[in-house]
Amino acid sequence: MRFRLFLLCLVFSHQLWAQKKIVITVDDLPGVTDYYRTPDGRLIMNQKLIRHFQAHRVPAIGFVISRWLYHEVTPDPNQVNVLKAWLDAGLELGNHTFSHKDFTVISIQEYFDEVTGGEKITKKLVEQRGKPFQYFRHPYLRKGETPAKKDSLERFLVQHNYREAPVTVDNYDFLFSHAYDNALLKGDTASAAEIGRQYLDYMTAYVRYYEAQSDSLFKRQIPQSLLTHANTINAVYMGDLLKRLAQSGYTFISLEEALKDPAYRSKDGYIGKGGISWMHRWALTQGKKGVFFKGEPEVPAMVTKWAENP
Ligand SMILES: [Zn+2]
């Protein structure tokens, strides 16, 4: 009997140890979609996405491109309502710049203006709810291709009370969504459903890949930060994806909680044009070479085909 109790304790402590954590981050609000093209389409798409987060109690964060909130020079009520829907659901919002420019092809000053422009509309809405507007997500995950650009940006963000929002599980969810949009617009629901199935397998494989990377680099499971986008495929499949993650032992945490983990204070000395996972920035900084990075899941050929040739 005592031995059985011992075994039970062992199993329980293992489960505690094995508890994995993940923050779900959603870029490019109010959204990138060809399917929801009506004026209020993006709002409907976001409402679907938000319902998945509510059903699974996920404290997700969305990153907003503020230029997309405007119709010419006037704020578009439907796009602003997207942000309100996120905040009403208790979700967070962060800055994803004014117009999503690539830092590696513009000047430092131009990029600073992009960051400041990214505060338009969203910052006020967030602060009206008594919350800080504090997270910044780099478009294309690019932080600068020279030490001067990277250092200046890091200093600028600190001076303006921003915290970087790192991504560990980088992926190509947007290709699946382009493919899915194209299949739906052609009325090929069977192919759309197949793209959806492939998407779930692909995303769970990507999370497993970065679990292995976490084991290799940190000898433990660090809280992961998953990159997704506000798009059609996530509006439809996010619930199934969250279910799969929960089944494989994940609990969903906020960005703030993830960033408390010391892993996120690892040195990031990566300088380059690549928009890569922070896990790999840390690995490169520690001198990891070729073989360490092997095994990333690939986008299936049928998905690439649908994405490229509607
Ligand atoms: Zn983006």
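The values are calculated or read from the model by the stated rules, or taken from the named source; none is laboratory data. If you're wondering where the values come from, they're calculated on a predicted model, not measured in any experiment. So basically every Cβ, Gly included, is an ideal-geometry build from the backbone, and we count neighbours across all protein chains shown. For accessibility, only protein heavy atoms count, side chains too; no ligands or nucleic acids. Shrake-Rupley method; radii C 1.70, N 1.55, O 1.52, S 1.80 Å.
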Scope segment 203-228; condition polar (S, T, N, Q) and open to solvent by 30 Å² or more (accessible area, probe 1.4 Å); matching residues: SER216, GLN221
Pair list, Cβ < 8 Å and 6+ apart or interchain, from segment 210-237 residues that are under 19 Å from ILE253 (Cα atoms) and at pLDDT below 95 to residues that are away from the ligand (no atom under 16 Å from the Cβ) and not in a helix (DSSP H, G or I): none
Enumeration of residues in segment 44-89 that are among the charged types (D, E, K, R) and either within 16 Å of the ligand (Cβ to nearest atom) or open to solvent by less than 40 Å² (accessible area, probe 1.4 Å) (or both): ARG67, ASP76
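In segment 93-109, is there at least one residue being within 23 Å of GLU257 (Cα to Cα) and more than 16 Å from the ligand (Cβ to nearest atom)?
No, segment 93-109 contains no residue that is within 23 Å of GLU257 (Cα to Cα) and more than 16 Å from the ligand (Cβ to nearest atom).
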Qualifying residues in segment 19-34 (those that are within 10 Å of the ligand (Cβ to nearest atom) and open to solvent by 10 Å² or more (accessible area, probe 1.4 Å)) - the one nearest to the chain's Cα centre (by Cα): ASP28
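Looking at segment 269-310, which of the residues that are of a type in the set (Ser, Thr, Tyr) and not in a loop (DSSP other than H, G, I, E, B) is farthest from GLN213 (Cα to Cα)?
Among those residues, the one meeting the criterion is THR304.
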Qualifying residue in segment 106-120 (condition: of a type outside the set (Phe, Trp, Tyr), open to solvent by less than 60 Å² (accessible area, probe 1.4 Å), in contact with an Asp or Glu (Cβ under 8 Å, 6 or more places away or on another chain) and assigned to a helix (DSSP H, G or I)): no
Residue in segment 36-50 that is farther than 29 Å from GLN224 by Cβ, touching a Phe, Trp or Tyr at 6+ places or on another chain (Cβ under 8 Å) and hydrophobic (A, V, I, L, M, F, W, C) present: yes
